[in-house]
Amino acid sequence: MPRNILLFMTDQQRTDYVGYAADSCVSTPNIDWIAQHAHFTCCNTTNPICSPARTSLITGRYPRQIGTLTMAGDLFPQIPTFMQALQGAGYKTYGIGKFHYNQTYPWSTPRGCGMDPVAGEQDEKSYGYDFIWETAGKQQVVSNYCFYGDYLAKKGMLEQVRDFFSQSGGKNGDVANHNYDKALPWPFDEEDYIDVVTGRVAREQLRAHPAELPFYMMVSFSGPHKPYDAPQRYLDMFPLEREDDFILPEGQIISDEDKESLYRQRRSAKAMIRLIDDQIGETLDVLRERGMLDDTLIVFTSDHGDMLGDHFMIQKGVPWKQSVGIPLAVRLPGAAPVGENTAPVEISDIAATVLDYAGLNAQRVLSRSWPAYNDIIPSRSLLPVLRGEQERVRDFCFSESDFTEERIDGVSITSTPYWRGADGCRSNAWQTIITENSKYIKYLGYKLDEMPYEEFYDLKRDPQERENRIADETYREQIEQARRRLSYMVDHYPPAQKTWTTACAANRQTAKD
């Protein structure tokens, strides 16, 4: 029977915003069904920004290796993806929903003048998809044109939806008092909501897929990323809870007005996730109807989390667990459930897991023999854990970021454009090593002849990351080990070299006098 693969993905979902989490605040029965087989509570993104995380997932490499350290520029087409390898193994591959492998145009691009995946369909397919229906995301549909934008245009709705997204607060903020989202409910028919349309397209393709062919399908939803715009029917499922439980370890104060915005955003995020869970359930029903469920590896994850006011932050791009931690649930057909796993796992490991399930070796199919550093693949298959053969495949996670969305044009990483705590020592650029029980962070905003600002957290005693133990001699050995591990990662995972020039023809004749 075909060994099918179905990847469900959300955008900007916290680890506590799934039903199976111990500290859950939302009901997600269909995601929980996937998690019954296995869920990983120490899964971390390799970079808590959209395009770096998503390109890491499909290449099995760290963003530093592939030139996607921040959300600026495109994934270079020479970097192999696991979808291309699946195509070579006879899979039909589908990409449905948000890709965000490319960020060709700057954020200042005028409305409607950005990317156009519809016109560039063949280029987008070159990443390894036989079929694509790509969404730019909610905010980005204002500047870009995508298949969802094309859907709206054909219904005469595109400009109205763009107006709504702009009105909702299209501008990104960084800290709790730079929070521009109004959490307005979706004002149009629910059937036209971006994640409803995404789910519907996925089910149409699943129903039409030839049963004898193995498939890989990514169903990538745009929520619960801002704008927080859940349809009213889903908002009505959640009361507006004004629970002042923000994690503010440094004495930050969120005003009542800003708290009210965050309460509404929290509510909408929960409602969006419940809508997505319903779409996942309907999609799983199609697999059941077609008798494909027991032949399909099912993965659920997100690209990064959402601060939602904790540590006085909103959005992502920071090393706190609300930003860098991501949900990961996997159902492996034919295997006994393994339940919760607390060992470190990275988003990059999804690539090797998918390939292993398809009978392919990630190191071989994701590598290139030339030029240099194209054969360094950190992705590790989780199948031994999912089969109950091993408890872990790695001892720590590595993540890093330089959140340029927060940076002012012309301001270097040694400057801090907005207050982020620690008396201004926390720069936008940072690197971190994470284990089950600890987190070490190195901030890169130091000047020549200065020492970098560092933090170390005992996650077992301090799961909310409130007390920096970097100067505590009790943790000296753990801190030194984390420093060594970080140095190793930076030194051993260099950027892959690339080529672009035309080679000389083998039979070229040299000129003779």
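The values are calculated or read from the model by the stated rules, or taken from the named source; none is laboratory data. From a predicted model like this one, the values you see are computed outputs, not experimental measurements. Cβ placement follows ideal geometry from the backbone for every residue including glycine, while neighbour counts extend to all protein chains displayed.
Scan the stretch 22-48 residue by residue and report those that are outside any helix (DSSP H, G or I), closer than 17 Å to Pro224 by Cα and either of a type in the set (S, T, N, Q) or out of contact with any Ser or Thr (no Cβ under 6 Å at 6 or more places or on another chain) (or both). Don't jump to the end; show me each part of the working.
Initial filter on the stretch 22-48 (outside any helix (DSSP H, G or I)): 22-28, 36-48.
Filter once more, keeping what is closer than 17 Å to Pro224 by Cα: 24-28, 45, 48.
If the condition is that a residue be outside any helix (DSSP H, G or I), closer than 17 Å to Pro224 by Cα and either of a type in the set (S, T, N, Q) or out of contact with any Ser or Thr (no Cβ under 6 Å at 6 or more places or on another chain) (or both), then Ser24, Cys25, Val26, Ser27, Thr28, Thr45 are the ones that fit.
Scan the stretch 305-342 residue by residue and report those that are surrounded by 22 or more Cβ atoms within 10 Å (Cβ to Cβ), part of a loop (DSSP other than H, G, I, E, B) and on the phi > 0 side of the Ramachandran plot.
Leu308, Gly309, Gln315, Gly317
Confirm whether Arg461 is part of a loop (DSSP other than H, G, I, E, B), of a type in the set (Lys, Arg) and not assigned by TED's automatic domain parsing to the domain that holds Asp245.
Yes: the conditions hold for Arg461.
What are the residues in the stretch 164-186 that are in contact with a helix residue (DSSP H, G or I) (Cβ under 6 Å, 6 or more places away or on another chain) and either in a loop (DSSP other than H, G, I, E, B) or at positive phi (or both), if any?
Result: Gly170, Asn172, Asp174, Ala176, Asn177, Asn179, Tyr180, Asp181, Lys182, Ala183, Leu184, Pro185.
What's the number of the only condition in (1) assigned to a loop (DSSP other than H, G, I, E, B); (2) under 19 Å from Tyr94 (Cα atoms) that Glu134 fails to meet?
(1)
So for the stretch 119-129 (the condition being of a type outside the set (Phe, Trp, Tyr), modelled with pLDDT of 95 or more and in a strand (DSSP E or B)), does at least one residue qualify?
no
Would you pick out the residues in the stretch 107-136 that are touching a Cys at 6+ places or on another chain (Cβ under 8 Å) and buried (at least 21 other Cβ atoms within 10 Å of the Cβ)?
Met115, Pro117, Glu134, Thr135, Ala136
Could you check the stretch 230-257 and list, in sequence order, the residues that are in a helix (DSSP H, G or I) and buried (at least 18 other Cβ atoms within 10 Å of the Cβ)?
Within the stretch 230-257, Tyr234, Leu235 qualify.
Looking at the structure I just gave you, is Val161 assigned to a loop (DSSP other than H, G, I, E, B), among the aliphatic types (A, V, I, L, M), in the same structural domain as Ile194 (by TED's automatic domain parsing) and over 30 Å from Ile247 (Cα atoms)? Working first, answer last.
Numbers: assigned to a loop (DSSP other than H, G, I, E, B): no; among the aliphatic types (A, V, I, L, M): yes; in the same structural domain as Ile194 (by TED's automatic domain parsing): yes; over 30 Å from Ile247 (Cα atoms): yes.
No; evaluated as a whole, the condition is false for this residue.
Could you check, for the stretch 189-196, whether at least one of its residues is touching a strand residue (DSSP E or B) at 6+ places or on another chain (Cβ under 8 Å), charged (D, E, K, R), closer than 30 Å to Asp123 by Cα and in the same structural domain as Ser268 (by TED's automatic domain parsing)?
Yes: the stretch 189-196 contains one or more residues that are touching a strand residue (DSSP E or B) at 6+ places or on another chain (Cβ under 8 Å), charged (D, E, K, R), closer than 30 Å to Asp123 by Cα and in the same structural domain as Ser268 (by TED's automatic domain parsing).
For the stretch 204-249, what are the residues that are more than 27 Å from Gln139 (Cα to Cα) and of a type in the set (D, E, K, R)?
The answer is Arg207, Glu212, Glu243, Asp244, Asp245.
Of the residues Ser379, Ser401, which is small (Gly, Ala, Ser), crowded, with 20+ Cβ neighbours inside 10 Å and not assigned by TED's automatic domain parsing to the domain that holds His39?
None of the others qualify; the one that does is Ser401.
Anything in the stretch 434-467 that is surrounded by fewer than 16 Cβ atoms within 10 Å (Cβ to Cβ), charged (D, E, K, R) and closer than 21 Å to Gly317 by Cβ? List them, or say none.
Answer for the stretch 434-467, where residues must be surrounded by fewer than 16 Cβ atoms within 10 Å (Cβ to Cβ), charged (D, E, K, R) and closer than 21 Å to Gly317 by Cβ: just Arg466.
Would it be correct to say that Val365 is surrounded by fewer than 22 Cβ atoms within 10 Å (Cβ to Cβ), of a type in the set (A, V, I, L, M) and in contact with a helix residue (DSSP H, G or I) (Cβ under 7 Å, 6 or more places away or on another chain)?
yes
Scan the stretch 136-156 and give yes if some residue there is of a type in the set (Phe, Trp, Tyr) and either in contact with a Ser or Thr (Cβ under 8 Å, 6 or more places away or on another chain) or not assigned by TED's automatic domain parsing to the domain that holds Thr81 (or both), otherwise no.
Yes.
Spot the failing condition for Thr104; the list is (1) crowded, with 22+ Cβ neighbours inside 10 Å; (2) within 19 Å of the chain's Cα centre (by Cα), and only one is missed.
Going through the list (1) crowded, with 22+ Cβ neighbours inside 10 Å; (2) within 19 Å of the chain's Cα centre (by Cα), Thr104 breaks only (1).
If I go through the stretch 70-115 residue by residue, how many of them are outside any loop (DSSP other than H, G, I, E, B), more than 23 Å from Ala372 (Cα to Cα) and not charged (D, E, K, R)?
Within the stretch 70-115, the subset outside any loop (DSSP other than H, G, I, E, B) is 73-74, 82-88, 92-98, 102-103.
Cutting the leftovers down to more than 23 Å from Ala372 (Cα to Cα) gives us 86-88, 92-98, 102-103.
Then keep just the ones that are not charged (D, E, K, R); that gives 86-88, 93-97, 102-103.
The qualifying residues number 10.
Looking for whichever is at pLDDT below 95 and closer than 15 Å to Val318 by Cα here; the options are Gly421, Gly410. Which one fits?
After ruling out the rest, the residue left standing is Gly421.
List pairs: first residue in the stretch 207-231 and farther than 27 Å from Glu260 by Cβ and aromatic (Phe, Trp, Tyr), second residue in a strand (DSSP E or B) and at pLDDT below 95 anywhere in the structure, Cβ distance under 6 angstrom, at least six positions apart or on different chains.
From residues that are farther than 27 Å from Glu260 by Cβ and aromatic (Phe, Trp, Tyr), there are no pairs.
For the stretch 382-396: of the residues being in contact with a Ser or Thr (Cβ under 8 Å, 6 or more places away or on another chain) and within 22 Å of Gln481 (Cα to Cα), which is surrounded by the fewest Cβ atoms within 10 Å (Cβ to Cβ)?
By that ranking, first place goes to Asp395.
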